[in-house]
Structure formats: structure tokens, C-alpha cells
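Here is the structure we will look at.
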Amino acid sequence: MATVSEVTYDLLRARGLTTVFGNPGSNELPFLSGMPDDFRYILGLHEGAVLSMADGYSLVTGEAAFVNLHAASGSGNAMGALTNSVYSHSPLVVTAGQQVRSTIGQEVMLSNVDAGTLMKPLVKWSSEPTCPEDVPRTMSQAIHTALQPGRGPVYVSVPYDDWAADAPSETAHLLDREVHGAAVLSENQIGNLIDLLEGATNPALVLGPAVDADHANTHAVELADKLRAPVWIAPSPSRCPFPTRHPSFRGVLPAGVADLSATLAGHDVILVVGAPVFRYHQYVPGRYLPDGARLIHITDDPGEAARAPFGQAYVAPIAATLDALASAVTPSNRALLPHPGEFPAVESTGAGIDPAHLFALVRANAPHDAVYVNESTSTGDAFWSQMDLSQQGSYFFPASGGLGFGLPAAVGAQLAAPHRQVIGLIGDGSANYGITALWTAARYRIPVIIIILKNGTYGALRGFSTILGTGETPGLDVPGIDFVRIAEGYGVHSHAVDAPEDFATVFKSALAAGEPTLIEVQTTFGQP
Ligand code: TZD
Ligand code: CA
């Protein structure tokens, strides 16, 4: 008779979850001791890094990823990172080891008291099975729940004495279960949307991360081309849904209410696809929409549709809907949009490299299909003005703004994408929250390139101190960090540069090296 452990591993294999991102403790050892040879364990040294590595992996594969953490303390360490996974809709199956079932109530060391509620505000679903026999079914429920539309992370706590128990014979049915989804908009609904788009004088498209996640980028281009309409990326973007050098591309919408509606002034129909309406950030009150505008919202997340404060929402799959709209809409005879001109000129004067100049050098030297994981928080405008992103899955940013995602997610993304170069663009503040992922990159020889933008400050907070009028506050600067020595301590090759030509030389050799490399770049900071 098979054990709970054996059936669970069979189930994970059947669902393609043979990579385990983890950091173990005593509660997890009985699970790990049963791990079959065709599984691989990727050790991370801090649970925030473990979670974000798994997230980066899942973002690239588009599939679920499996995480194994230690009890409440390990789970707690991962919770900050988990805030990003919620808003990136990452189907992470997060598990944690629990103390022996009969002792949890005594609150012995390492018992995860009330484990089912620990992650509740963040995860889509959370459980501790009520008995050992129900562990495989609970794990199956967790995986299918994570992957249902409105994807998101789930959590399962398993007492460690459950793994050796006999699994009921009927659990074998779990292995070949499938959960299919089929809802698409009706012909009538598509027809109404087409009428609206064709009847618009000046339509605009606003695209969000789900367009990229659902591989709908080319459908978005077709729709924009047929409508001859401008395209913005929805505010606070965590992915890039549209080619940044396409004539329709207008950049990222500002993340304040008044600024956003002012940017869309003059448009009568605004079609938002694959984004919440909206992920505002800075509080700039005002009117949600410009005069005379109607907003139509297409999302695959029922929660996004329900909580939006305005707009007509349709809950539907993104790629199928965009495809249907792009195929059915009559091409417009509005004027063609002009091709974008040259990239804005860049130069660096004095000590250090201007961030826009750095991005121009990255663009000029990196492969065209490189994957960028960005966690440099004061350089967004420079990034979007200098980069040429055209392929699906080229850009990731922490979806909830929780720092500590970027560096580990770049490592996880590179593990998932051996044929694309992954480049982490990480601020000298942000790097510290996920720095231990460097060790994982070295240990498993994951050839990611991490570029540290070292300006010695929490630049974005300096920007906010201007917006909020808070002036000079404590805790704004991070001088005196030597990332070259830190990286070498973890076993990663590293270089420090402060001149554009040196960066280009070092970057080219890193691209050729096929090994994890960190480049610390002295950058300049201009008050945003
Ligand atoms: N802690 C966590 C986990 N997430 C956060 N978002 C913050 C703190 C607050 N925070 C920001 O929102 S941006 C920022 C902090 C500390 C500065 C990051 O500095 P950086 O990048 O060096 O990475 P810039 O370009 O200098 O802003
Ligand atoms: Ca900084």
C-alpha cells in the first residue's frame, strides 16, 4: 500500500511540479526524505528569497510552482514576498511542515498554531488537512485552486507524521484529474463591444499584466493596428504587455487619479484589458475619467471586476477575448500613427552613470529577447523611454511593490528560461531584501546577470518625500554597501564600474560568461 508521501509525490509529478523551492527545518525532513530522484530541490537561504525565486520561475513558465517552507516562522518570513504573488496572480503552491498532529494543541516548539489562518489574508485558499488520509486530496485541491482563473497562491500545512501514513487506495483517482475552464464572452457581448469600438471617435487601449501572462501580446497589437489607437500600459505595471517601440505605444499611465484621467483626455472609449481598474499609487484625487469617456474593463479575475470603482466590466479569458475583438473589428481609416523617433539622447556627466544612459547601454548590448526583472524604484521613466521590449515575458516588476522580489525572481526566472538571458536591474536598497538568492545562483550555476544600480539612497522615497512634502526624514540613505564583496562571499563573480565604457565591457563579458555575475554600477541620482 502506498504512503501519503508516495501518493503526494506522484500527484506533484502528474501536475508537473517536480521542482521544489524550499528552506527546510525539522518538520519538513520526513517529507523531503521521500523525495524521488526525478525531483529537484532548489535551496534558498531565506524564505522571502525562496518564495520570490518560485514566483520568478512561475511567471516565466506560466505554470504552478511548488514551495516548501518551515512551519510558522518560515511561512512568516515568506509573507512579505507573497504580497507580490497575490497581485501577479502567481499560482504558487506554498506548503509548510507542521509538528506531529497529536502535539499541536500543546503548542510544542515549532507547532504552527492555527496554521490554516496564518496566510489567510493573502492566499486564495489555505488549509491543514483534517487527517493524514486527506493530505493528497488537499494537495490536489490546492493545485487546482491556485490555477483557476483569478489565479493566486495557496497554502497547505502538513503535520510531519502524516507522510508515513497509508494513503487510501482511492486516492489514485487524483492523479489523472483535470479541471477545465471554458467561459468566453457570448457573440452578443463581443458584438456590443465591437459596436462600441467601431463607433468611437477616439478610442484608447490600456493594457495590463494579464495580457502578457496570457500570451495575448500579438492579439493586442492586431487590435491596436486595426483601431489605429494609442496604447498605454496600466499604472504600476508588473509586466510588459505591448511592444515598446510600436507606433501605438504611449508608455505607462501615471498612478494618480487626476493625472491618469488627464493623460486620457480626449478619448471617448477606453478599453482596459488584463489589469485592475486601476492600481493607483500616489494619492492624487480627482475625476476617474476625462469628460465624455466610457471605460470598458476586461479581466479574468472576478475580484478585479467586482472591486473597481467605475467602468463596465466583463470577466472573460484575456487571449480569447482580445483575439475575438481583433478578428472582428473593422479596420479604422483614422490617420496612421507615426513610428517612434530616435531614443532620447543620453549622457553621463561627472561621477557615475546616469540611469537612462545605463539602460541605453543595456539595450545596445543585451540579446533582443532578454528577460528583465526590474526592482529599481526611482528609474521607471528612464527605463520605459530607453528599452525596446517586444517579446512576451520580457519584463517583471514586484506586483505589489514589495521589495525583495527582484533579485531572487531573476534567479528563478533564469532557472525557468535557460535559453533567454535574464537580467536583474536591482536598486542598491532593494537588493538587500533578497540578497541571499545570490548563493542559490552560485550553488546551482544559474547564469543570471544582476546589475545593481548604486546611488546610495532609497531614491523613490526621496521622490515621495517631495510629493508628500515630508522633507528630510530618517532612514532615506543606504551608503557604504559593497556589493562586490557581498557577491563574492556568496560565490558570485562580480565587478564594480562607474563609467559607461567600463560598464559596456564588463556587461559584454558577463553575457558571454554563462555564469551568474553581479555588476555594481555607480549611478547618479537626480531628484525626480
Ligand atoms: N520594504 C519593502 C519590503 N518594500 C517596500 N516597497 C519598501 C520597504 C519601501 N520602499 C519603496 O517602496 S521604494 C524603496 C523603499 C525602501 C527604495 C528602494 O531603493 P532602491 O531604488 O535603491 O532599490 P531607488 O531607485 O534608489 O529608489
Ligand atoms: Ca538606490
Considering only the range 310-319, I want to know if a residue exists there that is surrounded by fewer than 22 Cβ atoms within 10 Å (Cβ to Cβ), at positive phi and free of Cβ contacts under 8 Å to residues at least 40 places away in the same chain.
yes
Scan the range 63-72 and tell me whether some residue there is open to solvent by less than 10 Å² (accessible area, probe 1.4 Å), small (Gly, Ala, Ser) and more than 25 Å from GLN392 (Cα to Cα).
yes
Could you list all residues from the range 361-404 that are away from ligand 1 (no atom under 15 Å from the Cβ), part of a loop (DSSP other than H, G, I, E, B) and at negative phi?
ALA366, PRO367, HIS368, ASP369, ALA370, MET387, ASP388, LEU389, SER390, GLN391, GLN392, SER394
Consider ASP162 against the criteria (1) closer than 24 Å to PRO30 by Cβ; (2) touching a residue at least 40 places away in the same chain (Cβ under 8 Å); (3) open to solvent by 20 Å² or more (accessible area, probe 1.4 Å); (4) out of contact with any strand residue (DSSP E or B) (no Cβ under 6 Å at 6 or more places or on another chain): it satisfies all of them except one. Which criterion is unmet?
(3)
Does ARG420 satisfy being in contact (Cβ under 8 Å) with a residue 12 or more places away in the chain, surrounded by fewer than 24 Cβ atoms within 10 Å (Cβ to Cβ), assigned to a loop (DSSP other than H, G, I, E, B) and of a type in the set (Lys, Arg)?
yes
With the structure loaded, tell me whether ALA313 is in the same structural domain as ASP212 (by TED's automatic domain parsing) and away from ligand 1 (no atom under 16 Å from the Cβ) or whether it fails that test.
yes
Taking the range 416-442 and keeping only residues that are near ligand 1 (Cβ under 10 Å from one of its atoms) and under 18 Å from the mean Cα position of the chain (by Cα), one is left with LEU425, ILE426, GLY427, SER430, ALA431, TYR433, GLY434
Go through the range 498-512 and report how many residues are within 16 Å of ligand 2 (Cβ to nearest atom) and either open to solvent by less than 50 Å² (accessible area, probe 1.4 Å) or not assigned by TED's automatic domain parsing to the domain that holds LYS454 (or both).
0
Scan LEU336, LEU322, LEU271 and give me the residue that is within 23 Å of THR244 (Cα to Cα), over 21 Å from the mean Cα position of the chain (by Cα) and surrounded by fewer than 14 Cβ atoms within 10 Å (Cβ to Cβ).
LEU336
Odd one out for ALA293, checked against (1) open to solvent by less than 50 Å² (accessible area, probe 1.4 Å); (2) free of Cβ contacts under 8 Å to residues at least 12 places away in the same chain; (3) more than 25 Å from the chain's Cα centre (by Cα):
(2)
ARG151 versus (1) surrounded by 19 or more Cβ atoms within 10 Å (Cβ to Cβ); (2) over 22 Å from MET79 (Cβ atoms): which is the lone unmet condition?
(2)
Filtering the range 1-46 down to residues that are more than 23 Å from GLY76 (Cα to Cα) and free of Cβ contacts under 8 Å to residues at least 24 places away in the same chain yields THR18, SER33, ASP37, ARG40
Check every one of the strands (runs of 3 or more DSSP E) wholly within the range 196-305 and list those with 2 or more residues that are farther than 26 Å from GLY463 by Cβ.
204-207, 269-273, 294-299
Hey, which of the helices (runs of 4 or more DSSP H) in the range 432-491, taking only ones fully inside, have at least 3 residues that are touching a residue at least 12 places away in the same chain (Cβ under 8 Å), near ligand 2 (Cβ under 10 Å from one of its atoms) and open to solvent by less than 40 Å² (accessible area, probe 1.4 Å)?
459-468
Which one of these is of a type in the set (Asp, Glu) and open to solvent by 70 Å² or more (accessible area, probe 1.4 Å): GLU222, GLU198?
GLU198
Going through the range 124-148 one residue at a time, which ones are open to solvent by 50 Å² or more (accessible area, probe 1.4 Å) and β-branched (Val, Ile, Thr)?
THR130
Quick check: is even one residue across the range 505-528 of a type outside the set (D, E, K, R), modelled with pLDDT of 95 or more, within 13 Å of ligand 1 (Cβ to nearest atom) and part of a loop (DSSP other than H, G, I, E, B)?
yes
Assess whether ASN77 counts as being open to solvent by less than 30 Å² (accessible area, probe 1.4 Å) and either without any contact (Cβ under 8 Å) to a residue 24 or more places away in the chain or among the polar types (S, T, N, Q) (or both).
no
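The values are calculated or read from the model by the stated rules, or taken from the named source; none is laboratory data. Computed from a predicted model, the values in this text were never measured in an experiment. Note that we place each Cβ from the backbone using ideal geometry, even for glycine, and neighbour counts take in every protein chain shown. SASA here: full protein model, heavy atoms, side chains in, ligands and nucleic acids out. Shrake-Rupley method; radii C 1.70, N 1.55, O 1.52, S 1.80 Å.
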